[in-house]
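Reading through the structure tokens given below for one structure.
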Amino acid sequence: MSALATLFSRYGSLRFLTLAMFGIAVSACGPDPVTGRAELFDRESAALTVDTVLALKGTYGSTCTARSGAWAIALNGYHFIAGETQLSVVAADVGCVLSVTEIKAGSESSAQSFKPATPFALTAAYASQGVALMLNGTGAVQFYANLRLQPDLAFNSDFVVQMVYSDNIRQVDLSTNSGFAVEVATATTVLVAAPNATLSLSALDIKVEAHNVVRSATGSALLTQGTIVGESYMVDDTLGSSPTYAAVDAVFNNPAKTRVVLAGATQSIPVSELTLVGLDLGTPKKRNIVVANIETGVKSYQVFQITINKP
């Protein structure tokens, strides 16, 4: 006998069976948030009133989805107080605008509030000029800062608010000028004298962003012939300090290198030949201009070693 027949025989008064189907309704949760953290870059040249940055604070723009009011990012072990909540944005909320309104610094027990005159809207790039911060937003400038949001404004993943700060506004501007140092070396044979040209870099303008990466390079270096005339030059980035004749000769004769014939008493060398844009000047970088004097196939060299320094 089947189980159903047994059920009917056991409960003879049962006239029908009710079958109930249960459905489970699942409600979709809201979009996942992505959270922000902060990275600081200290470029102070003198001791600041601000010794430890504890938190970045700001506000959500009116176009942010499901977010309003104030946000904060804690740093250096800082603990949020009432009214301070972690910065987060609804994932992919590309229209959300975040602004920085305050930087808390000092010690947690006696934190001070430094504010710009107006809120600083975050974009994916540093502003062309940094912003001044004053104690509680008034009085004397205490320090300068520049901020950006990385990796972009799409908010497809967790993101970073980067802040560079200094006592010197030039150190936080989007573009500041790098510096140069030039050393001159010679690599000669006993039969041929090395050129004795001079090199001027006064017309070069190299600008770096706040993270010491070269943003733009314009102008030209000016090579002026001396009494021992060079016949051609090339640019190199591999020679070390005080290179040997063999090292210089190998570089100059490398078929992959471009050699330029010198014509006239002066020669402009475009900065593009130095390939500086994009260089990280966190550590100094070197470029070499090698000038050759060639007589009956025998070469001697003058080497201008240019060191490009961060501001």
(message) Which log10 I(q)/I(0) values does segment 33-171 give at q = 0.09, 0.10, 0.12, 0.20 Å⁻¹ under the Debye formula, counting every alpha carbon as one identical point scatterer?
(response) -0.24, -0.30, -0.44, -1.23
(request) Using per-residue counts of other Cβ atoms within 10 Å, averaged over each peptide, order 126-137, 79-90 from highest down. (result) 126-137, 79-90
(request) Would you mind listing how long segment 62-108 runs along its three principal axes, going by Cα atoms, in whole Å with the largest first? (result) 35, 17, 16
(request) Compute the FRET efficiency between ALA203 and THR283 as 1/(1 + (r/R0)^6), taking r as their Cβ-Cβ distance and R0 = 30 Å, and round to the nearest 0.05. (result) 0.75
(request) Kindly write out, for segment 205-216 in residue order, the coupling ³J(HN,Hα) from the Karplus curve 6.51 cos²θ - 1.76 cosθ + 1.60 (θ = phi - 60°), rounded to whole Hz, with x marking Gly and Pro. (result) 10, 10, 10, 10, 7, 4, 9, 6, 8, 5, 8, 8
(request) Beta carbons within 10 angstrom, averaged per residue: use that to sort the peptides 156-164, 205-213, highest first. (result) 205-213, 156-164
(message) If each DSSP helix of 4+ residues adds -39,500 (n - 2.57) and the sum is divided by the residues in the chain, what number results at 222 nm, nearest 500 deg cm²/dmol?
(response) -1500 deg cm²/dmol
(request) Set the Förster distance to 45 Å, then compute FRET efficiency between LEU135 and THR275 from the Cβ-Cβ distance, nearest 0.05. (result) 0.50
(request) Could you point to the residue in ASN196, SER157, ILE169 farthest towards the positive end of segment 116-249's charge dipole, with +1 and -1 charges on the Cβ of Lys/Arg and Asp/Glu respectively? (result) ILE169
(request) Sort out for me the Cα centre separation of segment 226-301 from segment 62-125, rounded to whole Å. (result) 51
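Every number in this text was worked out from the coordinates using simple rules, so none of it is lab data. What you are looking at is a predicted structure, and each value in this text was computed from that prediction instead of being measured. For neighbour counting, all protein chains shown are included, and Cβ atoms are generated from backbone atoms with ideal geometry for every residue, glycine included.
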